[in-house]
Every structure is written in structure tokens, then in C-alpha cells.
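Worksheet: one structure, shown below.
The values are calculated or read from the model by the stated rules, or taken from the named source; none is laboratory data. Predicted, not measured: the structure shown is a model, and the values here were computed from it. Backbone-built Cβ (ideal geometry, glycine too); neighbour counts: all protein chains shown. Surface areas here come from the heavy atoms of the whole protein model, side chains and all, with no ligands, DNA or RNA. Shrake-Rupley method; radii C 1.70, N 1.55, O 1.52, S 1.80 Å.
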Amino acid sequence: MKKFLLATLMLFGFSTVANSAGVNIGVTLNGGAFEVDGASEVFSGSHVSNGSSTTVNKNADSDEAQGAFAFGSVFAEFRINDLISLGVDYVPTSLDSETTENVQIDTGATPSNSDDTSRTNTVAVSFEDLTTAYVMLNATENLYIKVGLMEVEAITKENLATGGSYGDATLEGVSAGFGYNGDLANDMFFRLEANYMDFDGAEKTNSNDANKKIKVDGITGFGGKISVGRSF
């Protein structure tokens, strides 16, 4: 999608010169809740754990996780005409998840507790460069609908006692929303918007062990936006 976003930005530039009836810029406060679907950890075959080899065949049950989010963003729009605007929304800060921790017990050959070893793994994810390219359609003088394509970099920050890492991923998704646009003084405006987003899933393999994988089926979210901007 990166090529698409770059192409979209270039298109916006040409539209500004040739067709645009004006430009809107502004800032947005975003808030809402998200759900991670089908989060799972898969161990299969023989995998290495700090030099000792064991054999397991485990497919962890898929899980769901929920959370809340709040962040700011900036946007720029090019008004093609009274009905259609093309825009880009960008989040300049990273969105950090909480650090999760699990403890794995490596059981020895005998049921003696002295043969068991405890290993602690921690992982957190930062979402960076969240960018949305969108089309906004004015249904009435004040009401609008919006659809867009999204991209975000998921930067993993893990500390695995068993070694290796899972690396980063680029997540792509779609968004849709509707809202109310109101006029303020001095060419200023405000917006109230409800929106929905849906990101594709991802699967990553441990760099130290090809038999260890983590996967997420997808991320969905519902939220609201409050925006203030100015028209030129």
C-alpha cells in the first residue's frame, strides 16, 4: 500500500493545481475501542530453547483482546468541488501497547520440580506512521460520509528468554465514517465524526526458530473524532 499512498499524495498535488476548489487543513482528536481477533501462538515440531531441544505440537487457542485508544492527528484535504474532497490524515506520534508477560516452564525428563526451568518472555507493540488516504463525499450541506485506505507500521519490542525475535510488520486496512461539518468564524470549521476501521492480520516467524510463529487474524475498531480546521 505504500506505493498507493505515494501515488495518492502525488494525485492530490496535481488536483490542487488543476482542479481543486480549495484546501482544508486541521487537527483531530481520535478516541474509541479496538479488538484484536484470533491472536495465537503456534509451536510445532522440534524447537530449540536455550540449547535444549524438546518436541511439542501446540497450536494455542485463538484469543481476542480489547482495548481503548486516544490520539491526535493532522489532516489536509483538497476540495475538488462542492461534493468531493480528497484527504490524507497522519498520526505523528507512536501508539504504544501495554507490555504483556508470560512465564514458560520447561519440564525436565522426570517429574521432579528441580528439573523445571522458568523462562519469562515480554512483548509490546508500537504502532507508528498511521496514515489514512480518504475520499469525503458531502451528502448535504453539513453531513458527509468518508471512506479510506489505511497503513500502519507495527514495531515489536520483545524480550524472549528463549531467544530470537518476531520482527516488524506493515498492516493495511480500510476505514469508513460519517459525520457533521459546521462552520465557525474566519473560515474555520469543526467536525464530529463516527468511524470504523478494519486492519488485515499478520503472521511472523521467530528469527531464531522457524517452528515458532505468532499470528493475528485482524484488528477492528470503532471510535469518534473531533476536528477543528480552516479552509483556504
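Give me the pairs: first residue in region 193-220 and under 12 Å from Ser175 (Cα atoms), second residue open to solvent by 50 Å² or more (accessible area, probe 1.4 Å) and among the β-branched types (Val, Ile, Thr), beta-carbon distance under 9 Å, and six or more apart or on different chains, which are they?
Pairs found: Tyr196/Val174; Met197/Val174; Asp198/Val174; Phe199/Val174.
Could you grab the pairs with beta carbons closer than 8 Å, sequence gap of 6+ or different chains, first residue in region 132-150 and over 15 Å from Arg191 (Cβ atoms), second one assigned to a loop (DSSP other than H, G, I, E, B) and among the hydrophobic types (A, V, I, L, M, F, W, C)?
Leu149/Met1
Touching a Leu at 6+ places or on another chain (Cβ under 8 Å), in a strand (DSSP E or B), open to solvent by less than 50 Å² (accessible area, probe 1.4 Å) and not charged (D, E, K, R): does that describe Tyr180? Even if it seems obvious, please write down each step before you answer.
On the way: touching a Leu at 6+ places or on another chain (Cβ under 8 Å): yes; in a strand (DSSP E or B): yes; open to solvent by less than 50 Å² (accessible area, probe 1.4 Å): no; not charged (D, E, K, R): yes.
In short, no.
Could you check region 132-177 and list, in sequence order, the residues that are assigned to a strand (DSSP E or B), modelled with pLDDT of 90 or more and open to solvent by 30 Å² or more (accessible area, probe 1.4 Å)? Steps first, answer last, please.
Step one: filter region 132-177 for residues assigned to a strand (DSSP E or B), giving 132-138, 143-159, 169-177.
Add one more test, that the residue is modelled with pLDDT of 90 or more, and what stays is 132-138, 143-151, 172-177.
Hits for region 132-177 are Val135, Leu137, Asn138, Leu143, Ile145, Val147, Leu149, Glu172, Val174, Ala176.
Within region 181-220, take every residue that is modelled with pLDDT under 90 and of a type in the set (Gly, Ala, Ser) and give me the one that is farthest from Leu143 (Cα to Cα).
In this case the residue turns out to be Ala210.
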